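The values are calculated or read from the model by the stated rules, or taken from the named source; none is laboratory data. Predicted model, so just to flag it, every value in this text is computed and none were measured. As a convention, Cβ positions derive from the backbone with ideal geometry for all residues, glycine included, and neighbour counts pool all protein chains shown. Accessible surface is based on the protein model in full, side chains and every heavy atom, while ligands, DNA and RNA are left aside. Shrake-Rupley method; radii C 1.70, N 1.55, O 1.52, S 1.80 Å.
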Amino acid sequence: MASCLVPALLLLLLLGSRSSVAPNPCVDAADACTADERCHRLRTAYVVQCLGHAAPGGCPRARCRRALRHFFARGPPALTHALLFCPCGGPACAERRRQTFVPSCAFSGPGRAPPSCLGPLDACEHSRICRPRLLAFQVSCATTASNPDGCLQDQAPSCLRAYAGLVGTAITPNYVDNASARVEPWCDCRASGNRREECEVFRGLFTRNRCLDSAIQTFDGGWPPILRNQLDSHQDPGQSLLQVHTLLPPAKVSSADVPLEGSSLLSMLLVLALQSLF
């Protein structure tokens, strides 16, 4: 029965909660998303997909990642980016941030050890979805020594948008632990053979990127206005956070995309909890 409760517990982690005494910006971000109909619907959709079962011990990774791409492309940027980049001062908050998009399905593989980065990189380069997003990330998060933050002028918002665009692709990155804000794809370069240098260059786009690190810190500086507007939107149910404050312009969405339908996260939690009893 304990193993059956794992999905329900993970849904509890994804849901906002005001029961914690210590401030938790990631909980505030989850509450703000829940209060916004569009953000809540799209978030419910990816949680349902990513917690599904394709086979014993597996998950429907393709459907999970597609739902994640829809979330970041169609959701209100001020809310989706608040979930992805919420600033944390402790391990509880950081762990919640790391679990934001169900990494057991969307991020890491079935084994304990990560695979070589060459596999995801090759898959990305042959993907019409992933390849242009990786190129956009390389351009938007390019580092320079001429600026203190390591970014080209005014590139921090573009860098964050490009990073978010990689979530749900073959090279989906995520926070590596709950003790830092370090991010990277689920891979390493130990088994890369004579392509070791190429592998390290790719991995360094995430692990040795001053512009990306600085962009996340820049978002941290914009967090207090997001929280103030979140409180305002709770006081006025007819006004969403997107309407009063948008940190980042919305990403472009293909007209071929079909709207995702989603149910309440709380309803799904109750269903999963009841299923675990049988």
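The set of residues from region 182-192 being open to solvent by less than 60 Å² (accessible area, probe 1.4 Å) and either over 24 Å from Pro91 (Cα atoms) or not in a loop (DSSP other than H, G, I, E, B) (or both) comprises Val183, Glu184, Pro185, Asp188, Cys189, Ser192. Filtering Arg96, Arg131 for residues that are closer than 19 Å to Arg66 by Cβ and charged (D, E, K, R) leaves a single hit, Arg131. Somewhere in region 47-61, is a residue at pLDDT 90 or above and within 13 Å of the chain's Cα centre (by Cα)? Yes, region 47-61 contains a residue that is at pLDDT 90 or above and within 13 Å of the chain's Cα centre (by Cα). Going by what's in this entry, would Ala67 be described as under 21 Å from Arg96 (Cβ atoms), modelled with pLDDT of 95 or more and either in contact with an Asp or Glu (Cβ under 7 Å, 6 or more places away or on another chain) or part of a helix (DSSP H, G or I) (or both)? Taking the combined requirement at face value, the residue satisfies it. Could you say whether any residue in region 53-64 is open to solvent by 40 Å² or more (accessible area, probe 1.4 Å), of a type outside the set (Gly, Ala, Ser) and in a loop (DSSP other than H, G, I, E, B)? Yes. When Cys124 is tested against (1) farther than 22 Å from Arg190 by Cα; (2) open to solvent by less than 20 Å² (accessible area, probe 1.4 Å), exactly one condition is not met: (1).
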